[in-house]
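Computed from the coordinates by the stated procedures, all read-outs in this text should not be read as laboratory data. Treat the numbers as computed from the prediction; the structure is a model and nothing was measured. Quick reminder, even Gly has a Cβ in these numbers, built from the backbone with ideal geometry, and neighbours come from all protein chains shown.
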Amino acid sequence: MMHRPGLLLGLAGLLWAVAPAQAVDIAPHRALYSLSLGATKSSSGVVGARGAMVYEWGETCDGWTVQQHFRLRLQYAEQDNVEVSSSLVTWEAKNGLRYRFNERRLRNGALDEEIKGEATLDGKDKGGSAEFIKPEATSFVLPAGTLFPTAHTVLLIERAQASDQFVSRQVFDGATVENAGQITAVIGPQLPPGPSAGEDKLPKSPLLNRPSWRMRLAFFPSAGKSEQPDYELGMRLLDNGVSQDMSLDYSDYVVRARLDELEPLPRPSC
């Protein structure tokens with residue numbers, strides 16, 4: 001699953017399958033996506049979008065690493081074009097209790113923001129703390145039940161395997177200098193491998209020969225700040241953690257991410 005680019009859902013109740021969920025086996029991988037404008041409202045002023053994103057999900061003996069680099073050029077009808085880019089590097093312990101993050105964001109080639117810090121949890125389903133080093137020293141007490149991004153993606157896959165249709169959890173990703181935000185997800189039925197009708201041709205990779213689910217995630221700011229999500233993410237998530245395609249909905253316009261290249265990354269020898 002892609003981290004929200006620094007740029008990367010409500011039903012009541014849970015539906016449990018009779019069979020227990022399978023163990024989630026994340027596949028370390030590198031993916032290249034092309035970015036384009038999916039839809040736009042006239043009020044946004046956005047008439048075009050083009051860019052690319054490289055996403056690497058690596059594995060170490062004790063954790064998971066994510067490197068995400070993207071560049072997006074937004075074209076406006078009545079103002080100058082804007083180019084935004086971001087480089088994100090994170091590490092998350094496999095037990096889900098430690099997380100480090102570092103992101104640099106540029107706007108038209110100039111540094112716009114840099115965020116760096118780390119967070120820890122006191123145990124499964126417990127709270128913890130987050131410490132920001134940049135842009136300035138700041139700390140938060142994380143609420144009980146907070147998840148970090150990889151643990152959240154694993155939970156989504158587990159719930160999808162169990163035929164759940166709705167998941168809502170507090171997630172801390174360090175993308176903004178705020179506490180954990182609520183992410184709600186609506187999960188569709190399981191899909192067989194390969195593109196669905198009307199979808200783009202996929203690159204050839206055995207990593208794609210896996211079951212998947214369409215999901216719609218809404219990202220809300222930290223508690224009490226807004227009843228509306230900052231943005232929504234639609235994706236087709238495979239049971240090995242690969243995102244087959246994505247769309248980022250910022251309400252006024254939608255950026256689509258199409259998977260162009262995919263390759264496995266080596267697993268550690270531990």
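Distance distribution note for the stretch 29-262: the fraction of Cα pairs above 21 angstrom is 60%. Comparing Cα centroids, the stretch 176-244 and the stretch 130-154 end up 21 angstrom apart.
Computed over the alpha-carbon atoms, the stretch 26-151 gives an Rg to Rh ratio of 1.06, Rh here being the Kirkwood radius from the mean inverse distance.
Sorted on the mean count of surrounding Cβ atoms within 10 Å across their residues, most packed first, peptides 104-113, 81-90 read 81-90, 104-113. Taking the charge dipole of the stretch 29-262 about its Cα centre, with +1 at Lys and Arg Cβ atoms and -1 at Asp and Glu Cβ atoms, the residue from Leu202, Tyr33, Ala185 reaching farthest to the positive side is Leu202.
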